[in-house]
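A short write-up of the structure that comes next.
Taken together, the values in this text are just the output of simple stated rules run on the coordinates, not laboratory data. Here the structure is a predicted model, which is why all the values come from computation and not from measurement. Positions of Cβ are backbone-derived with ideal geometry, glycine not excepted, and every protein chain shown enters the neighbour counts.
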Amino acid sequence: MTTIGVIGNGRSGKLIERYWLGSKTFSVRFFDEFNGEPLSSIPPGMPLIVSFSIDMKRRREVFEQFSGHPFVNVMRSQTLGKIGRGNIVYPGCHMDYFSEIGDNNAISHNCVINHCCKVGSHNLFGPGVLLSGSVTIGDRCKIGTNVAIEPHITIGDDVMIASGSTIIGNLPSGAHVKRKSNDLRSYGN
């Protein structure tokens, strides 16, 4: 059984506890300076959910303090994929079943990684990125705000995709996709 650490034990924490209640796959352990175990007792590498107020400064401090931990969304499924080490996943993100995320990625607010996707390591996702089903992303890619990648697409290593783009075909390693006035202007290095 995997133990998920929840930082914060207020109303949101109680919802998480009810959601996971009865799971045979996961258990929940609460860390809260006022109503739970102290944050200093979080074991190395424990998957974490940040569940407290909208104090963005404090949330940023927590993400930085525990940057070596995987941050996960609330999702109870025996088919949950794999999440590597050192990822920073901001609030509002969703990872669907059978998906995998490598190491040291920064995934910004409200990103969706749908079923059967594979994300490499050292990637940067802007807010609102959508990976439709069965998308593969290589390593060291930079994907801008509100980029949509259609199903069954492969993105190579070191690819840069401009904000607002919709990707409908495979991109080789080193490709740059730029946009101007909602028209694709260039593809290539």
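Using 0.36 nm per residue, how much length does the chain from Thr145 to Glu64 gain when fully extended, once their Cα-Cα distance is taken away?
27.0 nm
Take Tyr97, Tyr90 and order them by how many other Cβ atoms sit within 10 Å, fewest up front.
With the fewest neighbours first, Tyr97, Tyr90 line up as Tyr97, Tyr90.
Taking the Cβ of Arg140 as the center, what net charge do the other residues with Cβ under 13 Å away carry, scoring Lys and Arg +1 and Asp and Glu -1?
-3
Based only on other Cβ atoms within 10 Å, what is the fewest-to-most ordering of Leu124, Leu171?
Ascending Cβ contact count within 10 Å gives the list Leu124, Leu171.
In nanometres, what is the gap between the two model label sites at Met46 and Asn170, each 7 Å from Cα along Cα-to-Cβ?
4.3
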